[in-house]
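Right, I'll just put the structure down here and ask away after.
What follows is calculated from the coordinates using simple rules that are stated; it is not laboratory data. Values in this document were obtained by computation on a predicted structure and should not be read as measured data. Every residue, glycine as well, gets a Cβ built from its backbone with ideal geometry; the counts of neighbours run over all protein chains shown.
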Amino acid sequence: MHHDGDGRRSKSIWAYEPLITPEKKVWRAVLQQAYEDAELPLSLDGSELMERTLARRFLRADGASETADIELVCDFADVPLDRLLLCARRSYPLAA
């Protein structure tokens with residue numbers, strides 16, 4: 001807690017400040033790479049790259065395997081799973 005100023009800008013000792021450990025940084029990098037792969041453009045012939053397809057399946061948690069994997073990664077990265085899934089499912093909807 002800071003003692004200078006009027007106290008309105010100082011942080012409370014009760015405020016939650018997440019500790020980003022090197023391990024969490026690694027798991028967050030895993031999620032970042034999945035998002036980068038999911039954003040890859042289509043190949044020149046118009047087909048979808050395997051990395052793009054797999055990353056989108058992973059981020060949306062399409063199957064039981066992907067669900068278990070994304071839950072584990074989010075837990076290790078200290079990232080809220082529900083928010084990640086909501087964002088991924090909006091950004092990468094399943095093809096009809």
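Among ILE20, ILE70, what is the fewest-to-most ranking by other Cβ atoms within 10 Å?
ILE20, ILE70
Sort all Cα-Cα distances of the range 22-91 into consecutive 5 angstrom bins from zero, then give the percent of pairs in each bin up to the one containing the longest distance.
3, 18, 27, 26, 14, 8, 4, 1, 0
What does the charge count around PRO80 come to, taking other residues whose C-beta lies under 13 Å from its C-beta (Lys +1, Arg +1, Asp -1, Glu -1)? Mind dumping the intermediate values first?
Working: positive: ARG28, ARG83; negative: GLU71, ASP75, ASP78, ASP82.
Cβ neighbours under 13 Å give a net charge of -2.
Something else: At a 10 Å Cβ-Cβ cut-off, how would you order ASP37, ASP75, ASP45, fewest neighbours first?
Values: ASP37 18, ASP75 11, ASP45 5.
By the 10 Å Cβ count, ascending, the order reads ASP45, ASP75, ASP37.
For TYR92, what is the net charge nearby, where nearby means another residue's Cβ is under 12 Å from its Cβ and Lys, Arg count +1, Asp, Glu -1?
+2
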